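A.B. asks: Here you go, one structure.
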Amino acid sequence: MAVCCDLEVDVNGEETFLLDKKIICSFSGRLCKLFDKSTNAKRNKVKFRDFPGGVENFELIARFSYNNGKIDINPSNVSLLYFAAQFLEMNNSVSGNRNLIEKTMKSIEEISYWTWSDLLATLKRCQDLQSSGIVERCLDSLVGRLAIPSEASPCASTSSLDSPGFWLSCDTRSTKSLKDGFSQATWWFEDLSILSPDMIEMLIKSMVSRKYNHVIIGRFIFHYQKSKFYTASPDEKHQVLETVIDMLYTLDTNSISCKSLFRIYRVVLNLNISKNSRNKLECMIGSQLDQATLDNLLIPSPYGASYLYDVNLVLRFLKAFLCGGDQQVSPMRIKKVGSLMDMYIAEVAPDPCLKSSKFLALVVALPDSARDSSNELYHAIDIYLEVHAGLSDEEKMKICCALNYEKLSTEAGIHLSQNAKFPSKSAVQALISQQLKLKNLLQGTNNTKLYTNSPCIFIETKGKAKKDEACEPTLYSERLDISVDNEKLREHLQGMQCRVMELEKVCKKMQSEMAKIMKSKAAAHSSSARSLPRLCS
């Protein structure tokens, strides 16, 4: 049969093929419809700008057509042939039982018999091609092998016994069992790092659906990000980061290291990723805020901002932490974050550009239960007021109102009452709080005395004490007038300080004496009980 060259095919602008139009059209529905029974003898020309697999793959198609549908289909070329067959519509309606789509699908159905290397090679060839069933099948086969313990290494499929992967996963003589165990769980990291972000997304989703270990998945995702960044362009880094964040977000939060998330965030600072991905990353970090350190939180402010650290970011972390997702945040975790925030607030307080509204937002962000003591918070506020001396009394009072004066120690309360940087109202509140605290303490001691039902014993034991210690001092209950001048207020505060110290000494001595009394009574009661049988006898 004579073969003519009446069809010129330009493949992606790389090379031109001269072919027999009748032969090619008998296999390709796309070309057949293009020429539609034309009998014109003039040479026709076709240009393909997006032919899958390029020149190499079109040559395979030409061979298939000229050999009357006979070609060796194997894992190394099946993916290219499959995509080309779809592109040219090489289906049953055109070529009967010789259609290429059917032949490639039969080969793909035997994917379970492919080696690990065959699967990787096929996926690598599909990197730049449109997604299809073959990609999903290859990825499912890979994940299925990773999930089977007996398939936890590529020993049966690697081509070289001298490869490092073989000895890392198969050397049973090794005594480093822990290291070998980790290697067996992560040997595939480097192999799968060649995949595109789109394929990685499909891979992770398949692993999650199969309930694969989330800790191992998380480690692989971080490994993938690090390995890709060595040679990636800025646009590629952008895509990789968004894929990495989106995939981490699908995992169990407890399986991800907070330290690793902060490392990712510092990379994100230099790249403009989508708002959705950034929100996901901040949400993940916020949910683990109790695992963070002060250094983690000291992230510089965005470009163009006047303040030193990104306070708004930390506030978003706190919001995400308090939301807690589906789990209620435990009191212990809240207190841990409270301690962390006290250190952070003290660190940002000296920033002269930090507005009082932002500082106040930090102070009131956590519930009162987050702090057992307000001493550290008082220290931070003291620093802030010293640096921002120009604040109005109203602004100062808004900040000071966030303090729980009852949780201040006696020393901190006295210091606040004499602190000229704090408004007079705040000093008075601190004094009243200390007054009530001591009054309640003394009332508790008096109640203990009544409970012992021995009011005379205390007097006898105190008979030799000094007169000023034996007399119980009265509380300083004089009502303070806020409108008095500062000098008079200082005198009131100094008087209160002396009385507070006196009360503390007396309370300690009273508690010590009561403990001795209770011990003496218990001993006497025990002695009486032992002598009772003798009297009865």
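The values are calculated or read from the model by the stated rules, or taken from the named source; none is laboratory data. A quick note: this is a predicted structure, and the numbers were derived from the prediction, not measured. Cβ coordinates were reconstructed from backbone atoms using ideal geometry, including for glycine residues, and neighbour counts include every protein chain displayed. Only protein heavy atoms, including side chains, enter the accessible area calculation; ligands, DNA and RNA are left aside. Shrake-Rupley method; radii C 1.70, N 1.55, O 1.52, S 1.80 Å.
A.B. asks: Just give me the residues in the range 306-333 being free of Cβ contacts under 8 Å to residues at least 40 places away in the same chain, open to solvent by less than 40 Å² (accessible area, probe 1.4 Å) and among the hydrophobic types (A, V, I, L, M, F, W, C), in sequence order.
C.D. replies: Result: LEU313, PHE317, ALA320, PHE321, VAL329.
A.B. asks: Checking the structure you have, find out if any residue of the range 240-262 is touching a strand residue (DSSP E or B) at 6+ places or on another chain (Cβ under 8 Å), among the hydroxyl-bearing types (Ser, Thr, Tyr) and buried (at least 17 other Cβ atoms within 10 Å of the Cβ).
C.D. replies: no
A.B. asks: While we're here: Answer yes or no: is there a residue in the range 275-285 that is part of a loop (DSSP other than H, G, I, E, B) and surrounded by fewer than 18 Cβ atoms within 10 Å (Cβ to Cβ).
C.D. replies: no
A.B. asks: For the range 295-305, which residues satisfy the criterion of being under 15 Å from ILE345 (Cα atoms) and open to solvent by 40 Å² or more (accessible area, probe 1.4 Å)?
C.D. replies: ASP295, PRO300
A.B. asks: I've got another one for you. Just to be sure, is SER257 among the small types (Gly, Ala, Ser) and more than 14 Å from the chain's Cα centre (by Cα)?
C.D. replies: no
A.B. asks: Out of the range 104-131, which residues are modelled with pLDDT of 85 or more, open to solvent by 70 Å² or more (accessible area, probe 1.4 Å), outside any loop (DSSP other than H, G, I, E, B) and of a type outside the set (Ser, Thr, Tyr)?
C.D. replies: Across the range 104-131, the qualifying residues are LYS106, LYS124.
A.B. asks: A follow-up question, please. Looking at (1) farther than 24 Å from ILE334 by Cβ; (2) out of contact with any Lys or Arg (no Cβ under 8 Å at 6 or more places or on another chain); (3) surrounded by fewer than 20 Cβ atoms within 10 Å (Cβ to Cβ); (4) not aliphatic (A, V, I, L, M), which one does GLN418 not meet, given that it meets all the others?
C.D. replies: All conditions are met except number (2).
A.B. asks: Still on this structure: Is it the case that ALA85 is under 24 Å from CYS138 (Cβ atoms), in a helix (DSSP H, G or I) and open to solvent by less than 20 Å² (accessible area, probe 1.4 Å)?
C.D. replies: Yes.
A.B. asks: Just name the residue that is surrounded by the fewest Cβ atoms within 10 Å (Cβ to Cβ) out of those in the range 50-77 that are over 13 Å from ASN12 (Cβ atoms) and among the polar types (S, T, N, Q).
C.D. replies: So, considering only residues that are over 13 Å from ASN12 (Cβ atoms) and among the polar types (S, T, N, Q), the one surrounded by the fewest Cβ atoms within 10 Å (Cβ to Cβ) is ASN67.
A.B. asks: So which pairs qualify, if the first residue must be in the range 220-240 and more than 17 Å from PHE189 (Cβ to Cβ), the second must be among the hydrophobic types (A, V, I, L, M, F, W, C) and open to solvent by 20 Å² or more (accessible area, probe 1.4 Å), the Cβ gap must be under 7 Å, and the two must be at least 6 apart or on different chains?
C.D. replies: That search, which allows pairs on different chains as well, returns LYS237/PHE229; LYS237/LEU271; HIS238/LEU271.
A.B. asks: Still on this structure: Is it the case that SER373 is open to solvent by less than 70 Å² (accessible area, probe 1.4 Å), closer than 26 Å to MET332 by Cα and of a type in the set (S, T, N, Q)?
C.D. replies: Here the answer is yes, as SER373 does meet what is asked.
A.B. asks: Something else now. Restricting attention to the range 204-229, which residues are hydroxyl-bearing (Ser, Thr, Tyr) and either in a helix (DSSP H, G or I) or within 18 Å of LEU261 (Cβ to Cβ) (or both)?
C.D. replies: Passing the criteria: SER206, SER209, TYR224, SER227.
A.B. asks: While we're looking at this one, here's another question. Of (1) open to solvent by 30 Å² or more (accessible area, probe 1.4 Å); (2) under 36 Å from the mean Cα position of the chain (by Cα), SER392 satisfies all except one. Which?
C.D. replies: For SER392, the exception is condition (2).
A.B. asks: Here's something else I'd like to know. Anything in the range 46-81 that is at pLDDT below 85 and in contact with a strand residue (DSSP E or B) (Cβ under 7 Å, 6 or more places away or on another chain)? List them, or say none.
C.D. replies: none
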